[in-house]
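First comes the structure, then the notes that go with it.
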Amino acid sequence: MDFSQDDAATLTRVLRWRRDVRHFRTTPVPESTLLRLKQAMSLAPSVGNARPWRVLRVTDAALRAAVRTEFERCNNEAAAAYDDGTRAEYARLKLAGLDAAPEHLAVFTVTDPAAGRRLGRRTMPETLHQSTAMAVHTLWLAARAENLGLGMVSILEPAVIERIFDAPEGWEFSAYLCLGWPEFTDDTPLLHRTGWQENQPTDWEER
């Protein structure tokens, strides 16, 4: 199949408007929309077709509260590690949508899945985590195309999250995602708007 320049422009627009959302409305996401997102995530590439990602849809209030508590602990430790000036900048950032986002997803990577029969990962086992990252990015783009927002909460200790969810042996925590309708949308990343850091250009160096 050949794609048109209009298709290419649409993809670029989705990429530009894919933001790490922190401000959510509490409006529920329809189950039919979530099904489409699951189907889109299944289209993600993975090394050797190992499909190592495992997604838990977190609906239990106690589990959500435990994640929120762990975020607060890690966030306080992170803030304390900065000098006074940077700590004040850090405090002004909104670093999680845990309270309002209607959907929470805990994503894990299976470290030695039977699927794929180890094709392509014997010398580079980290490609399993890279595969999970590509699945998350696929979900992120699909969510944006549905006019949804997705935010990744990375201020969490993986071992603690694995204990909270009683993760099976061989499951490693990869991402905690908040999903829902954004309070607002724009094409400027939060960290740009707050003056934290601008993008660095992507260069392809010749060797």
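What follows is calculated from the coordinates using simple rules that are stated; it is not laboratory data. Please read these numbers as outputs of a predicted model, since none were measured by experiment. No Cβ is skipped: glycine too gets one built from the backbone with ideal geometry, and neighbour counts run over all protein chains shown.
Only bridges whose two residues both fall in the chain count here: according to DSSP, what percent of them are antiparallel, nearest 5?
Antiparallel bridges: around 95 percent, rounded to the nearest 5.
Would you mind calculating the relative contact order of the chain from Cα pairs under 8 angstrom and at least 6 residues apart, reporting the percent as a whole number?
Dividing the mean separation by the residue count of the chain yields 36 percent.
Using the Cβ atoms and a cut-off under 14 Å, what net charge is assigned to the surroundings of V29, where Lys and Arg are +1 and Asp and Glu are -1?
Counting the neighbours of V29, the net charge comes to +2.
Using only the Cα atoms of the chain, what are the Rg and Dmax in Å?
18.3, 56
Set the Förster radius R0 to 22 Å, insert the Cβ-Cβ distance between H23 and V160 as r into 1/(1 + (r/R0)^6), and round the FRET efficiency to 0.05.
0.30
Taking 7 Å along the Cα-to-C-beta vector as the label spot, tell me the L63-A80 distance in nanometres, rounded to one decimal.
Those two pseudo-labels are separated by 3.0 nm.
Mind ranking 135-145, 160-170 by how tightly packed they are, going by the mean number of other C-beta atoms within 10 angstrom, highest first?
My ranking of the peptides, most packed first, is 135-145, 160-170.
Spin-label point model (7 Å from Cα, Cβ direction): what's the A8 to L141 distance in nm?
A separation of 1.5 nm, rounded to one decimal place.
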